Amino acid sequence: MGMDRTAARAELLKKPTDSLAQIRKRWESQHALSAVEWDVLAEYVRIGADEERQRSPTAVVPSRESYLALLDAFEAVYSHRVEPASRRTWVYFGNLDGFLTADILSPTDAEQRDQTVLTQIARRRTLLQPTDRWERPGNIGHCFWVAVMEEGVEGTTLDQLLAPHWPVLWRLAARGHWIRHDRRRVRLPEPSGEDARQPVSLPPAMAADDVTVSFSPGGGAEFYTAIEFGSRRFGLIISQYPELVEFRAMLELEGDRPWIGRHYAMAVDDDGSGAYRVSPTRRQMHFELSATEWTAMRDLFRRAWQRPELQHWLAELQLEYGEQG
């Protein structure tokens with residue numbers, strides 16, 4: 001049986017994008033996955049949670065809320081393991097940073113090891129709660145992945161245990177796919193005929209001072225965001241969700257703090273002008289914005305972000321790209 005599950009998992013991982021798309025589609029229609037499908041999802045949750053973590057002055061990605069939900073999901077699976085004396089306690093202990101604490105695992109007392117793992121889970125949850133500081137979460141994704149694959153919990157039980165955590169698990173898995181497979185999203189096939197999605201309009205163009213922000217469809221759930229500065233005959237077009245989310249986060253910086261991200265770098269000129277120098281990191285260029293232009297652009301983005309039409313598109317893109325920031 002174990003070999004069959006291993007072979008089935010390997011088969012699904014040969015076409016990870018298609019497999020993840022089918023997993024999402026099946027969950028949305030049936031709220032049920034096989035144990036093998038949970039294995040595949042857990043593998044990408046591990047990548048999305050534990051690799052390429054981002055921390056900026058405005059946010060951390062994945063967020064503390066995502067890590068807390070993932071910790072709850074791991075604890076739920078661990079608490080329903082088939083063997084009361086888990087053989088993976090050393091793995092969990094290490095990945096929860098247990099070796100950085102005064103706790104130890106008994107080499108002979110299985111019950112003590114299990115209780116110590118639960119203590120580490122509780123400690124990690126406490127460290128993740130405060131919002132005024134950030135504590136390294138440990139490799140919770142690795143713990144979840146091992147528990148799903150190795151603790152013998154059946155697919156129907158996993159369905160029940162993990163249903164409350166599905167939104168977070170999917171966002172992390174989609175992020176894991178994006179990390180592992182050349183920044184590609186997990187996109188469901190476009191429905192046709194009577195099942196076709198009804199188009200949702202994008203917000204109209206918004207303008208303030210000399211700045212205009214407008215949106216246009218880009219295929220599927222993708223859309224283009226155009227930022228134009230009229231008097232300068234200059235504009236910027238953002239075509240992908242991860243870049244757009246980062247650009248918005250950069251606009252929310254307070255004071256004269258610099259930004260160095262995946263897509264943009266920004267600094268406030270120190271010549272007293274208060275100008276913002278922005279550099280798209282993948283292009284050999286930069287542009288400067290006055291404090292007035294920066295404020296106008298920030299306020300336009302805030303208004304646009306609250307529009308229900310844009311929220312619909314952003315929610316769909318988050319399902320395809322996973323958690324970004």
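Pairs of alpha-carbon atoms within less than 8 angstrom and 6+ residues apart define the contacts here; what relative contact order does region 173-315 have, in percent? Could you put the intermediate results ahead of the total?
Details: 187 pairs, mean separation 25.0, N = 143.
Once normalised by length, the contact order is 18 percent.
Relative to the first principal axis of the alpha-carbon coordinates of the chain, what is the inclination of helix 241-251, with its axis defined by its Cα atoms, in degrees from 0 to 90 and to the nearest 10?
With both axes taken from Cα atoms, the answer is about 60 degrees.
Could you identify which residue out of LEU169, LEU127, LEU70 has the top mean-square fluctuation in a GNM of the chain using Cα springs shorter than 10 Å?
In this elastic network of the chain, the residue with the biggest mean-square fluctuation among LEU169, LEU127, LEU70 is LEU127.
Specify whether the C-alpha gyration tensor of the chain places it in the rounded, prolate or oblate class, a ≥ b ≥ c being the square roots of the eigenvalues: rounded for a/c under 1.5, otherwise prolate if a/b is larger than b/c and oblate if not.
Oblate, because a/c is 1.5 or more while a/b does not exceed b/c.
If I build a Gaussian network model for the chain, linking alpha-carbon pairs within less than 10 angstrom, which residue out of GLN284, GLN54, GLN240 has the largest mean-square fluctuation?
Largest GNM mean-square fluctuation: GLN284.
Share of the chain's accessible area from carbon and sulfur, percent, 1.4 Å? Before the final figure, lay out the partial values.
Working: 7980 of 15930 Å².
Carbon and sulfur: 50 percent of the exposed surface of the chain.
Against the longest alpha carbon principal axis of the chain, how many degrees, from 0 to 90 and to the nearest 10, is the axis of helix 16-30 turned?
80
Accessible area per residue of the chain at 1.4 Å probe, in Å²?
Numbers: 15930 Å² over 325 residues.
With the other protein chains kept in place, the chain gives 49 Å² per residue.
Based on the alpha-carbon gyration tensor of region 80-203 and its eigenvalue square roots a ≥ b ≥ c, which shape applies: rounded if a/c is under 1.5, prolate if not and a/b is larger than b/c, or oblate?
It comes out prolate by the Cα gyration axes.
Whose amide H sits under 5 Å from the amide H of GLY218, counting only residues 5 or more places off or on another chain, with H placed in the peptide plane?
Counting only residues 5 or more places away or on other chains, the set is PHE223, TYR224.
For the chain, find the longest principal axis of its Cα atoms and tell me its angle to the long axis of helix 2-13, 0 to 90°, nearest 10.
Taking Cα atoms only, the helix is inclined about 10 degrees.
Pull up all non-local amide H partners of VAL211: gap of 5 or more, or a different chain, and H-to-H distance under 5 Å with H placed in the peptide plane.
Answer set, sorted by chain and number: none.
The values are calculated or read from the model by the stated rules, or taken from the named source; none is laboratory data. What you see is a predicted model, and the numbers here were worked out from it, not measured in a lab. What goes into the accessible areas is simple: the full protein's heavy atoms, side chains included, and nothing from ligands, DNA or RNA. Shrake-Rupley method; radii C 1.70, N 1.55, O 1.52, S 1.80 Å.
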